[in-house]
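In what follows, a single structure is set out as structure tokens and then discussed.
Here, each number is a calculation from the coordinates, and none is a lab measurement. It should be emphasised that the depicted structure is a prediction, and the values quoted were computed from it without experimental measurement. Cβ sites come from the backbone with ideal geometry, for glycine too, and all protein chains shown count toward neighbours.
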Amino acid sequence: MSAKLLMKQVTKTYGDGDSTLSVLSNLNLQVNEGEFVAVLGPSGSGKSTFLSAAGALLTPTSGEIFIDGESLTNKDKGELTKLRLEKIGFMFQSAQLLPYLKVEEQLLYVARLAKLDTREAKQRAAYLLKRLEIWERRDRYPEQLSGGEKQRVAIARAWMNKPAILFADEPTASLDFNRGREVVRMIADEVKSEGKAAVMVTHDERMLEWCDRVLYLEEGHLIEKKSLVTVH
């Protein structure tokens, strides 16, 4: 299986001289096709820095990062933007839907940015919204949706550009337990059915049932915690 994300000896430091703070320290990670990985760690452990670096939003101090075999090193701002549109999907703690766009329009907007064919985009949007059981709400605005429905739309939007990998930052934090588990299951289903990959940063160990691996960010390194994974 191909590696959708490869991080080699990635370090991120802030400050100068005696005040230097190393958030990521020679961090290594490989996430393969069809793999859903969870990353845990206490507040301040560097989870946001890790996710930003992995998702091409933050340049590491040193080390190499590859998305779907493509190196992020030496790419300019325009090239990184293009790579994010073509190969990366993002989900956040809040759905962050555009308030002036209806559900279907949220997805089609991403398609336009990614320069997808209009007909293909409409078919893709319909497929995702039906798969996530939100199709009947396609003409509603975000304010007319429940929290769980908003997150379903956010999942569909994140998969709209057929990214190689999805990065999810605390995607269940604003949901109750049952809705949270449903969101995580949906992410896992898309990873498996489409041969993609996903990395989820979370603090909630109850959401790990659908993950293939669980890693803990500790002193700038990722350590595997096999005992946290629920067998399914």
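Estimate the FRET efficiency between LYS122 and ASN32 by the formula 1/(1 + (r/R0)^6), using the beta-carbon distance for r and 35 Å for R0, to the nearest 0.05.
0.65
Select from GLN96, TRP210, SER52 the residue farthest towards the positive end of the dipole of region 3-228; place +1 on Cβ of Lys and Arg, -1 on Cβ of Asp and Glu, and compute about the Cα centre.
So the residue furthest toward the plus end is GLN96.
Over 10 Å intervals from 0, what percent of Cα-Cα pairs in region 54-158 sits in each interval?
14, 40, 29, 15, 2
Taking 0.36 nm per intervening residue step and subtracting the Cα-Cα distance, what contour gain separates TYR14 from HIS221 on full extension?
72.9 nm
With the contact rule set at Cα under 8 Å and sequence spacing of 6 or more, what percent relative contact order holds for region 4-72? Write down the numbers at each step before the final one.
Details: 111 pairs, mean separation 30.2, N = 69.
Reported relative contact order: 44 percent.
In vacuo Debye scattering of region 1-75, one point per C-alpha: log10 I(q)/I(0) at q = 0.26 Å⁻¹?
-1.31
Of LYS75/LYS196; LYS4/LYS225; LYS4/LYS192; LYS82/LYS162, which pairs sit farther than 19 Å apart, going by alpha carbon to alpha carbon?
Working: LYS75/LYS196 23 Å; LYS4/LYS225 21 Å; LYS4/LYS192 13 Å; LYS82/LYS162 14 Å.
Correct reply: LYS75/LYS196; LYS4/LYS225.
Using Cα pairs closer than 8 Å and at least 6 residues apart in sequence, work out the relative contact order for region 3-228, in percent. Walk me through the numbers before you get to the answer.
Values: 438 pairs, mean separation 68.0, N = 226.
Rounded, it is 30 percent for region 3-228.
Translational diffusion coefficient of the chain at 37 °C, 0.692 mPa s, Stokes-Einstein with Kirkwood Rh over Cα pairs, in µm²/s as a whole number. Don't skip to the end; give the middle numbers.
Working: Rh = 18.1 Å.
Answer, rounded: 181 µm²/s.
For region 139-186, just say rounded, prolate or oblate: build the C-alpha gyration tensor, square-root its eigenvalues into a ≥ b ≥ c, call rounded for a/c under 1.5, and beyond that prolate if a/b exceeds b/c, oblate if not. Write out the running numbers ahead of the final one.
Numbers: a/c = 2.24, a/b = 1.14, b/c = 1.96.
Verdict is oblate for region 139-186.
In terms of Cα to Cα distance under 14 Å, which aspartates and glutamates are near enough to LYS115, apart from those fewer than 8 places away along the same chain?
GLU86
What's the extension gain from GLU205 to LYS82 if we count 0.36 nm per residue and subtract their Cα-Cα distance? Intermediate values should be presented prior to the final figure.
Working: separation 123, 0.36 × 123 = 44.28 nm, distance 3.40 nm.
That pair, GLU205 and LYS82, stretches by 40.9 nm at full extension.
Taking the Cα centre of the chain as the origin, how large is its charge dipole in debye, to the nearest 20, when only Lys and Arg (+1) and Asp and Glu (-1) carry charge on their Cβ atoms? Let's see the in-between values first.
Working: 33 positive and 33 negative charges, 150 e Å.
For the chain, the charge dipole is close to 720 debye.
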